[in-house]
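Below is one structure, written out as structure tokens; comments come after it.
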Amino acid sequence: MSDPLRVFITGGTKGIGRAIALRFAREGAMVAIAARTSPDLDEVVAEIETAGGKGEACQANLRDHGSLEAAVFRAVDFFGGEMDILVNNAGLVEFAAFDEVDMATWERFLAVNLTGPYHVLAEALPALRESSRAHVFNVGARLADSPAQGSALLATTKAGLAGLGRALREDLREDSIRVTTVEPGPTNTPGLAPWRERFEGQTLLEPEVIADAIWDAYHSDSETPSLVIE
Ligand SMILES: NC(=O)c1ccc[n+]([C@@H]2O[C@H](COP(=O)([O-])OP(=O)(O)OC[C@H]3O[C@@H](n4cnc5c(N)ncnc54)[C@H](OP(=O)(O)O)[C@@H]3O)[C@@H](O)[C@H]2O)c1
């Protein structure tokens, strides 16, 4: 039997991140999850253990570089020094007409959806380089390529994340670290719940579908630069 996978997931307490955590836990993985809310972290760590994995809670705020550094340190310590999979999943889901977007909101989006994942990646890279089977999944969004009304904040930051992913593939090729941008369509999560009316009459994806797609892409022999799920 091969060694358990060591997976670090930001935003692992709800929605898509939680589904990914439990998908890998069912296969016996070591899963470290990051989020801001401690009770949620404890709850999902318990679910990870019940599902058959080993869980670790790493409290962090994507807007606080120091807390991200500490969270990645804790995860890598839990893993024993190597990280196989980083899922940069935590992010905001909000819609607003461009005229309603003020500077504070713009900067909050850049901080959470783009600068946060950058910090996590920078902190995690040494441990990813130690692994012989490393893969980074950045969770973008389908609307980065096909924006809808009111999506400037999301489309801009997720397009930035996709650009980072494309560039990283080149920079990390010689380390044999694979990089995939995951681009889901509207998904039935707590994050989307306040915006449910926008998608009236549309069937939403379930978070487990995204989790299965990531599991399959990780185990596929073919390169998957972009994983569009809709
Ligand atoms: N749902 C969709 O329709 C959809 C579609 C395409 C792409 N996406 C993307 O998929 C990812 C997950 O979305 P979701 O809908 O599953 O989100 P969600 O249900 O709102 O869950 C968000 C997760 O991220 C954590 N989080 C939020 N802000 C954080 C911060 N500042 N620092 C650390 N952790 C934070 C939350 O925990 P705490 O609140 O405790 O921190 C939670 O665990 C996001 O990047 C989103 O943009 C979603």
Inset, instruction - Filter the range 1-23 down to the residues that are out of contact with any Phe, Trp or Tyr (no Cβ under 7 Å at 6 or more places or on another chain) and of a type in the set (A, V, I, L, M, F, W, C), then identify the one that is modelled with the lowest pLDDT. - result: MET1
Legend entry - Selection count where residues are within 17 Å of LEU114 (Cβ to Cβ) and of a type in the set (Lys, Arg), scope the range 141-181: 2
Legend entry - Condition check for THR224: β-branched (Val, Ile, Thr), part of a loop (DSSP other than H, G, I, E, B), surrounded by 15 or more Cβ atoms within 10 Å (Cβ to Cβ) and more than 15 Å from the ligand (Cβ to nearest atom): yes
Inset, instruction - State which residue is nearest to LEU227 (Cα to Cα) when the search covers only the range 167-195 and only residues that are more than 11 Å from the ligand (Cβ to nearest atom) and hydrophobic (A, V, I, L, M, F, W, C). - result: VAL179
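Here's the yes/no breakdown for (1) within 14 Å of the ligand (Cβ to nearest atom); (2) outside any helix (DSSP H, G or I); (3) touching a helix residue (DSSP H, G or I) at 6+ places or on another chain (Cβ under 6 Å):
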| residue | (1), (2), (3) |
| --- | --- |
| ASN138 | yes, yes, yes |
| LEU143 | yes, no, yes |
| GLY150 | yes, yes, no |
| THR156 | yes, no, no |
| GLY165 | yes, no, no |
Legend entry - Residue check, ARG18 farther than 22 Å from ARG133 by Cα, among the charged types (D, E, K, R) and outside any helix (DSSP H, G or I): no
Inset, instruction - For ALA124, state whether it is over 22 Å from PHE98 (Cβ atoms), within 12 Å of the ligand (Cβ to nearest atom) and assigned to a helix (DSSP H, G or I). - result: no
Inset, instruction - Exactly one condition in (1) under 24 Å from TYR118 (Cβ atoms); (2) within 15 Å of the ligand (Cβ to nearest atom); (3) under 14 Å from the mean Cα position of the chain (by Cα) is not met by ILE229; state its number. - result: (3)
Legend entry - Filter result for the condition that a residue is closer than 19 Å to LEU62 by Cβ and touching a Lys or Arg at 6+ places or on another chain (Cβ under 9 Å), over GLY150, GLY160, GLY140, GLY165: GLY140
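The values are calculated or read from the model by the stated rules, or taken from the named source; none is laboratory data. Bear in mind that the values here come from a model prediction, so they are computed numbers and not experimental data. Cβ coordinates were reconstructed from backbone atoms using ideal geometry, including for glycine residues, and neighbour counts include every protein chain displayed.
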